[in-house]
Amino acid sequence: MSLPTLARHATIPTPPGPFTVLVQSDSDGRDVVLASGWTDDTADLLQVVHASLRPAGSERVDDLAVLDVVEKFFAGDVTAIDEVVVRQRSGPFLQEAWEVLRTVPAGRPDSYAAFAARCGRPAAVRAAANACARNAAALFVPCHRVLGSDGGLGGFRWGTPVKRWLLDHEAAHAPVAA
């Protein structure tokens, strides 16, 4: 499939700061998230998109449908992000790890060790942490839901204050576990 040379992006204010989403249309005309994060500088996002998916640039638009989902998330529907279509590319472990990240429930974060086990590779704690660090689609692939084994925040591309805010928000609004 041939991808368009330009993506589109839009930024909205959120409690932890400006949030930008970079999207491209797929062959069915649906917007697919290539990258997202707490920045208003698209260069921050373009650099984390895998080279095989990276558009030549991005045009700013006033609105994207995915921003309605982001607004729902920040209004308290922390599961609203679960069905957003994301496109990332890397090796098999990272691809699988990003899919597994989407199964970590809001309000119930994993440790890096538990995340590695969830990925089927309990000894691969560093690889699991690398999957979080290389995730381009922050929020939609919720790498913020993985903590250090000591319960510490660990790292986060967009800063630990943003990570702390997201975890607290999700804890306050998470659906009751069955």
Would you check which residues across the range 51-81 are exposed (fewer than 15 other Cβ atoms within 10 Å of the Cβ) and assigned to a helix (DSSP H, G or I) and list them? Asp68, Glu71, Lys72
Scanning the range 162-172 residue by residue, those in contact (Cβ under 8 Å) with a residue 24 or more places away in the chain and under 20 Å from Val48 (Cβ atoms) turn out to be Val162, Leu166
Under the condition of being in contact (Cβ under 8 Å) with a residue 60 or more places away in the chain and either touching a Ser or Thr at 6+ places or on another chain (Cβ under 9 Å) or of a type in the set (Lys, Arg) (or both), which residue from the range 106-133 is surrounded by the most Cβ atoms within 10 Å (Cβ to Cβ)? Ala106
Among the numbered conditions (1) in contact with a helix residue (DSSP H, G or I) (Cβ under 7 Å, 6 or more places away or on another chain); (2) farther than 17 Å from Gly148 by Cα; (3) assigned by TED's automatic domain parsing to the domain that holds Leu167, tell me where Gly120 comes up short. (1)
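For (1) farther than 29 Å from Arg54 by Cα; (2) part of a loop (DSSP other than H, G, I, E, B), each residue gets a yes or a no:
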| position | (1), (2) |
| --- | --- |
| Gly107 | yes, yes |
| Arg121 | yes, yes |
| Ala128 | no, no |
| Ala131 | no, no |
| Phe140 | no, yes |
| His144 | no, no |
| Asp150 | yes, yes |
| Gly154 | no, yes |
| Arg157 | no, yes |
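The values are calculated or read from the model by the stated rules, or taken from the named source; none is laboratory data. Just so it is clear, the structure is predicted and the values come from calculations on it, not from any experiment. Virtual Cβ from ideal backbone geometry, glycine too; neighbours counted across all protein chains shown.
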